[in-house]
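> The following block contains the structure, expressed as structure tokens.
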Amino acid sequence: MERIKEAMQRARAAAQGRTRTGRPVAGTVAPEEPAISYSQTRVVQIDPRHLRRQRLLTGSGDGPAEPAYKILRTQVLQRLAANGWNALAVTSPGPGQGKSLTAANLAISLAREVHYTVLLVDLDLRKPALHRLFGISPQAGIGDCLTRGTPLSEALVNPSIERLVLLPGREPLGNSSELLASPRMAQLVDELKNRYPSRIVIFDLPPLLAADDTLAFSPYVDAALLVVEEGGTPREDVEQALQLLKQTRLLGTVLNKASLQRPAYA
């Protein structure tokens, strides 16, 4: 009898497009959700031309990048849904290898899935970059939430992309690894991950070989994506980064700036 009950519960969850955690199951159809109205989150209108200049997805045919991010999005959604995860770190072995751009474009692509909201968090506290990518001048940032007790609602920004919210950095912080391992950070992460059941949280973290920040924060995430640059990331750096991530679930690697050309599909 218990097996029958469990089977019925699983069938109902699949029919509703939800996992036991309340998150939609990738590949299923869930009821359409109403448009989101932001009452506390600051909404900033961003010129699409700025997004294109920064190589961010605009949804208007972004060349070869758009289908590549759709494939990445599907792979990420499948792994997250299969394991009931919703917190993903994006990092790289070294600086300048495209981790922040990858995190931002993945967040934009995920936000286009109508059953999810996405929170993109800039945790590269020494060199915050996401606000510049989106062309935003933050009134407050995550550093203010950690050091000054600024309410989270004062730092959140919707960059005029539906279902996407950005928690930016504002100014560089020198004691970043201590802040990332602090009780206040643990409390903040718990709030970010658990407030909304259909939310995916993407953390843009510092390069692994540049500081210990990512290792200090890794216990708070479900899994990580490692971004490497074709022709720019030395093999030994990749091997060292993978060694550092051996205690963290690695969702996969993203090859950035790849030169491989595939024939068009029509």
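> Residue by residue, what Karplus-based ³J(HN,Hα) values in Hz, rounded to whole numbers, does the range 176-188 have, using 6.51, -1.76 and 1.60 with θ = phi - 60° and x for Gly and Pro?
Going residue by residue, I get 5, 5, 5, 5, 5, 9, 7, x, 5, 5, 4, 5, 5 Hz, with x marking Gly and Pro.
> What relative contact order, as a whole-number percentage, does the range 135-266 give when Cα pairs under 8 Å and 6 or more residues apart are counted?
Dividing the mean separation by the residue count of the range 135-266 yields 17 percent.
> Tell me which GluC sites (Glu not before Pro) from the range 151-216 have a DSSP coil assignment and no more than 12 other beta carbons within 10 Å of their own.
Passing sites in the range 151-216 are E162.
> Arrange L188, L156, L130, L255 by Cβ neighbour counts within 10 Å, fewest through most, would you?
Ranked by crowding around the Cβ, least crowded first: L255, L188, L156, L130.
> Please give the net charge around I202, taking every other residue with its beta carbon less than 12 angstrom from that of I202, where Lys and Arg add +1 and Asp and Glu add -1.
Around I202, the charge tally is +1.
> Here is a follow-up. Just want to confirm a number: the relative contact order over the range 72-159, from Cα pairs under 8 angstrom separated by 6+ residues, in percent.
Dividing the mean separation by the residue count of the range 72-159 yields 17 percent.
> Okay, next question. Could you line up D237, D122, D213 from fewest to most neighbouring Cβ atoms inside 10 Å?
Least to most surrounded, the residues fall as D237, D213, D122.
> Ok, one more. Neighbour counts of other C-beta atoms within 10 Å: give me V44, V121 arranged from fewest to most.
Placing the least packed residue first, the sequence is V44, V121.
> For the range 97-177, state the average projected area of the convex hull of the C-alpha atoms over all orientations, rounded to one decimal in nm².
Its average projected convex-hull area is 5.5 nm².
> What fraction of the DSSP beta bridges in the range 44-256 is antiparallel, stated in percent and rounded to the nearest 5?
Of the beta bridges lying entirely in the range 44-256, close to 5 percent run antiparallel.
> As an exercise, identify the trypsin sites (Lys or Arg not before Pro) in the range 201-262 lying in DSSP coil whose Cβ has no more than 15 other Cβ atoms within 10 Å.
K246, R249, K257
> Shifting gears a bit: What list of ³J(HN,Hα) values in whole Hz, one per residue of the range 64-80 in order, does the Karplus curve 6.51 cos²θ - 1.76 cosθ + 1.60 (θ = phi - 60°) give from phi, with Gly and Pro shown as x?
Values, residue by residue: x, 5, 4, x, 5, 6, 5, 5, 4, 4, 4, 4, 5, 4, 4, 5, 5 Hz.
> Go through the range 104-168 and name the trypsin sites (Lys or Arg not before Pro) that are in a DSSP coil and have 12 or fewer other Cβ atoms within 10 Å of their Cβ.
R148
Where a number appears in this text, it was derived from the coordinates with a stated rule and is not lab data. Owing to the predicted nature of the structure, the values given are computational and were not obtained by experimental measurement. Using ideal geometry, Cβ is built from the backbone for each residue, glycine included, and neighbour counts are taken over all protein chains shown.
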